[in-house]
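So the structure is just underneath, and the comments pick up after that.
The values are calculated or read from the model by the stated rules, or taken from the named source; none is laboratory data. Since the structure is predicted, the reported quantities are computational estimates derived from the model, not experimental observations. All Cβ positions, glycine included, derive from the backbone under ideal geometry; neighbour counts span all protein chains shown. Side chains included, ligands, DNA and RNA excluded: accessible areas come from the protein's heavy atoms. Shrake-Rupley method; radii C 1.70, N 1.55, O 1.52, S 1.80 Å.
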Amino acid sequence: MKGIRTFICVVTMLTLRTLASDITPLVFGGFTEGMPAAFGDFNSDELTDVFVVLENNKAVEILLAHEEEPLLRQAKDRLRCVFSNSHITSVVPGDFDGDALMDVMVTTTFKRTEQDTDTTSLTNVYILWGGANHLNCTTDEDSPVIQMIGQPLAMDYNQDMIIDLFGQNKKKERMFWIFNKDRSVAHTAIPMYDNISREELSRPHAHAFLDLNHDYMADLFITTPTQFEVWLGHENEPKFTYNNTIKHPENSKIIGQSLFVDVELKGSMDLVTPVCAEQQSNGNCKGAALMVYSEGQWINLQVNFKDDAGNLWQFYLKQGSRYTNVITLRSGDFNMDGYPDILATLAQENVDHPQSFLLENVACQSGCGKFKRSYAIKWTALSPFRNGTAMAAFFDFYQDGILDCILVTYNGTHYQAGAFKNSLDYDANFIKVMVLTGLTNKHSQMINGRVGKKRRTYGTNLPGPSISYKTTTQEGNLRHGVSPQMPQSAHFSLNLPYTIFGLGRTPNFVDSVTVGLSNNSRCWTQIIPNSQMVVIPWPVNQAWKWKAQLFVTPSKLILMSVAALTAVCGMITVIIGVLHWKERQEDKKERLSESHRFHFDAM
């Protein structure tokens with residue numbers, strides 16, 4: 001009995017070790033000083049690179065992704081720019097000049113200490129023009145491309161696949177900054193169409209660029225100190241018109257960064273907002289709650305913030321700190337069951353020690369009204385990262401369709417990047433979709449691919465597309481999920497440049513995948529599960545010409561089936577060999593006995 005218990009303990013420890021994997025050395029090697037700021041494929045090698053901030057927020061660098069470990073490395077000719085007189089507040093990769101190559105937008109302030117807030121100085125916007133394998137750093141910090149109040153939102157104002165910006169100018173007027181193919185002109189400033197005096201924009205904000213009314217045209221979601229505004233997008237001028245206002249949840253002193261996810265898998269976006277009922281004297285959160293806006297009303301998702309030991313946790317908020325100066329949620333399907341989960345940073349009441357946790361999307365037991373889903377905090381899901389983490393975001397390290405986590409550990413004085421591998425204990429299927437700008441470059445059309453052969457590049461990160469799918473589960477139920485691509489860009493939102501939909505154990509073909517942008521859409525049918533789908537939406541206004549490249553990743557079940565089949569074939573081969581050898585031995589004995597037999601016919 002003792003031996004059985006020992007065996008069970010060993011198996012349990014091995015299982016936990018497999019499921020909870022700290023793979024920091026395998027991902028970052030020895031370089032863990034860079035703080036993740038954004039994601040994007042800078043060198044167009046079909047791998048997602050990581051843009052990091054380092055040197056106390058005075059430098060930005062690109063860690064290039066590789067298929068061999070370490071997975072994220074500094075380039076041989078380092079892709080690094082320094083802002084010696086400024087403090088970097090955000091990094092946004094994208095194509096700002098239409099050359100199909102990725103540029104990098106960097107926002108800075110002239111803050112001198114981390115105790116200063118975003119409201120104490122103007123935000124300076126710089127564009128670091130990118131090439132296939134190089135980055136052009138700015139040489140004049142005193143001449144930013146734009147000066148504005150607060151951080152901008154990356155968007156596409158005029159559907160030309162070139163990234164534009166939305167924000168507030170120095171006069172506190174709402175503006176769009178439109179970029180074009182001429183770097184010397186840089187941009188054109190267009191005031192927002194508005195015949196009514198509007199409220200000042202929030203700082204920090206949770207503005208978003210996504211389709212909210214299912215017309216495949218990205219709309220504008222704006223946050224102000226007292227309410228949210230929805231502006232519907234149009235193909236013609238005016239590009240955005242006011243539609244409606246959503247008041248902040250009642251009895252909430254602190255409003256966190258809103259998030260758009262399809263919580264119930266109904267094929268529509270839900271507005272999820274973290275709130276605090278009270279604000280303590282030191283600015284910390286008290287009375288944390290997760291609210292969702294559904295059918296014209298706010299619903300409390302009744303998240304239990306008490307851990308197994310009875311300790312009460314709150315959303316962690318600390319002014320002037322990295323990542324936690326705002327309450328930020330990040331979504332992704334961690335357990336691949338189809339329902340989007342959330343990563344959030346919490347802390348115990350009156351304890352200045354942040355910790356990131358996974359909030360798993362589960363069926364609501366009670367108190368959610370008509371809403372059928374809620375979130376449950378998985379206190380040990382991100383073990384062994386239990387000694388303090390300031391931030392956690394989803395990332396697919398091994399390009400296998402399973403979302404891992406990239407974290408930033410914090411011990412009170414020092415920040416350090418970490419990596420967590422998500423090893424599912426069951427075989428789940430997925431569909432991974434990435435929508436590019438579709439632009440090409442005549443001067444560098446072909447680049448080196450991952451296996452040495454030349455391949456064509458089709459552009460870079462694109463904010464705003466709507467991606468949805470429909471499939472039939474094993475029970476025969478129709479499942480319809482939707483997700484926006486890169487709807488937010490400010491305050492280290494860390495949106496991935498692709499969308500992963502978990503399909504659970506459903507091995508069936510995905511009935512359809514629909515991609516919509518710029519008032520156009522195209523549907524692809526009968527998609528193989530475990531596919532990575534790259535959509536090239538060009539020309540923008542001719543959806544029937546849009547292309548999709550499909551890369552199939554074998555699931556564990558297929559690999560196990562191949563291994564089992566190989567083992568069976570090997571066993572059969574061995575059995576046939578043994579039987580053949582025995583038969584030959586019998587034949588040999590029979591020949592020997594025949595040769596020793598006395599033949600009477602010879603007499």
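Give the distance, in whole Å, between the Cα centre of segment 511-539 and the Cα centre of segment 261-287.
Centre-to-centre (Cα) distance: 31 Å.
Taking H placed 1.01 Å from N in the peptide plane, check which residues at least 5 places from residue 288 or on another chain put their amide H under 5 Å from its amide H.
277, 315
Which stretch or stretches of segment 315-358 have amide N atoms under 20 Å from the point lying 7 Å from residue 56's Cα along the Cα→Cβ direction?
Backbone N within reach: 319-325.
Among 528, 592, 31, which residue has its Cα furthest toward the positive end of the charge dipole of the chain, with +1 on Lys/Arg Cβ and -1 on Asp/Glu Cβ?
592
What spacing in nm lies between the two simple spin-label points modelled at residue 194 and residue 245, each 7 Å away from Cα in the Cβ direction?
Between residue 194 and residue 245, the simple spin-label model gives 1.2 nm.
Multiply the residue separation of residue 474 and residue 542 by 0.36 nm, subtract the distance between their alpha-carbon atoms, and state the gained length in nm to one decimal. Walk me through the numbers on the way to the answer.
On the way: separation 68, 0.36 × 68 = 24.48 nm, distance 3.58 nm.
So the extension gain works out to 20.9 nm.
What is the distance in Å between the Cα centroid of segment 122-178 and that of segment 299-366?
32
Keeping all protein chains in place, calculate the accessible area per residue for the chain (probe 1.4 angstrom), answer in Å². Intermediate values should be presented prior to the final figure.
Values: 27560 Å² over 603 residues.
The answer is 46 Å² per residue.
Taking all protein chains in place and a 1.4 Å probe, what share, in percent, of the accessible surface of the chain do carbon and sulfur account for?
Using a 1.4 Å probe with all protein chains present, the chain comes out at 53 percent carbon and sulfur.
Rank these by accessible area, largest first, 1.4 Å probe: 403, 478.
Values: 403 5, 478 120 Å².
Output order, biggest surface exposure first: 478, 403.
Can you classify segment 199-294 as rounded, prolate or oblate using the Cα gyration tensor, where a ≥ b ≥ c are the square roots of its eigenvalues, rounded means a/c under 1.5, and otherwise it's prolate if a/b beats b/c and oblate if not?
Here segment 199-294 falls in the oblate category.
Which pairs, out of 58/171; 76/442; 372/545; 76/545, put more than 29 Å between their alpha-carbon atoms?
Details: 58/171 27 Å; 76/442 26 Å; 372/545 39 Å; 76/545 39 Å.
Too far apart for the 29 Å limit: 372/545; 76/545.
Take 193, 126, 293 and sort them by solvent-accessible surface of the protein heavy atoms, 1.4 Å probe, largest at the top.
193, 293, 126
Describe numerically, in nm with one decimal, the distance between label points set 7 Å from Cα along Cα→Cβ at residue 282 and at residue 110.
3.3
What is the angle, in °, between the Cα long axis of helix 556-595 and the longest principal axis of the Cα atoms in the chain? Nearest 10 is fine, range 0 to 90.
With both axes taken from Cα atoms, the answer is about 10 degrees.
Rounded to whole Hz and in sequence order, give me ³J(HN,Hα) for segment 209-216 from the Karplus expression 6.51 cos²θ - 1.76 cosθ + 1.60, θ = phi - 60°, writing x for Gly and Pro.
10, 7, 7, 9, 10, 6, 10, 6
For residue 523, tell me the accessible area in Å² from a 1.4 Å probe, rounded to the nearest 10.
Solvent-accessible area, nearest 10 Å²: 70 Å².
Stretched out fully, how many nm does the piece from residue 411 to residue 549 gain, at 0.36 nm a residue minus the Cα gap? Before the final figure, lay out the partial values.
Numbers: separation 138, 0.36 × 138 = 49.68 nm, distance 4.39 nm.
Computed gain between residue 411 and residue 549 is 45.3 nm.
Could you list log10 I(q)/I(0) for the chain at q = 0.06 Å⁻¹, which the Debye formula gives when each Cα is one point scatterer?
Taken in order of the listed q values, log10 I(q)/I(0) reads -0.34.
Check which residues have an amide H placed less than 5 Å from residue 368's amide H, if you skip close sequence neighbours.
Under 5 Å from the amide H of residue 368: no residue qualifies.
Working out 0.36 nm times the residue gap between residue 236 and residue 77, then minus their Cα-Cα distance, what length gain in nm do you get to one decimal?
Values: separation 159, 0.36 × 159 = 57.24 nm, distance 4.41 nm.
Once the chain is fully extended between residue 236 and residue 77, it gains 52.8 nm.
Could you list which residues have their amide H under 5 Å from that of residue 346, counting only those 5 or more apart in sequence or on another chain, with H placed in the peptide plane?
For residue 346, the qualifying residues are 316, 355, 356, 357.
How many nm is it between the label spots at residue 85 and residue 213, if each spot is 7 Å from the Cα in line with the beta carbon?
About 4.6 nm, to one decimal.
Spelling out what I want: for every residue of segment 47-57, take phi, set θ = phi - 60°, compute 6.51 cos²θ - 1.76 cosθ + 1.60 (Karplus), and round to whole Hz; glycine and proline get x.
Values, residue by residue: 10, 7, 8, 10, 9, 10, 10, 9, 6, 6, 6 Hz.
Please label the shape of segment 26-70 as rounded, prolate or oblate, based on the square roots a ≥ b ≥ c of the eigenvalues of the alpha-carbon gyration tensor (a/c under 1.5 means rounded; beyond that, a/b larger than b/c means prolate, else oblate). Working shown, then result.
Numbers: a/c = 2.98, a/b = 1.35, b/c = 2.20.
Note, shape of segment 26-70 comes out oblate.
Using alpha carbons only, what's the Rg to Rh ratio of segment 312-365 with Rh from Kirkwood?
Details: Rg = 12.8 Å, Rh = 12.2 Å.
When Rh is taken as the Kirkwood radius, the ratio is 1.04.
Quick one: helix 2-19 against the long Cα principal axis of the chain, what's the angle to the nearest 10°, folded into 0 to 90?
The angle comes out near 50 degrees.
For the pair residue 380 and residue 142, what calculated FRET efficiency results from E = 1/(1 + (r/R0)^6), where r is the Cβ-Cβ distance and R0 = 51 Å, to the nearest 0.05?
0.55
Applying the Karplus parametrisation 6.51 cos²θ - 1.76 cosθ + 1.60 with θ = phi - 60° to the phi angles of segment 172-177, what ³J(HN,Hα) value in whole Hz is obtained for each residue in order, glycine and proline being reported as x?
Calculated HN-Hα couplings, in order: 6, 9, 6, 9, 10, 10 Hz.
Got a sec? Charge dipole of the chain, +1 on Cβ for Lys and Arg, -1 for Asp and Glu; which of 408, 177, 397 is way out at the positive end?
397
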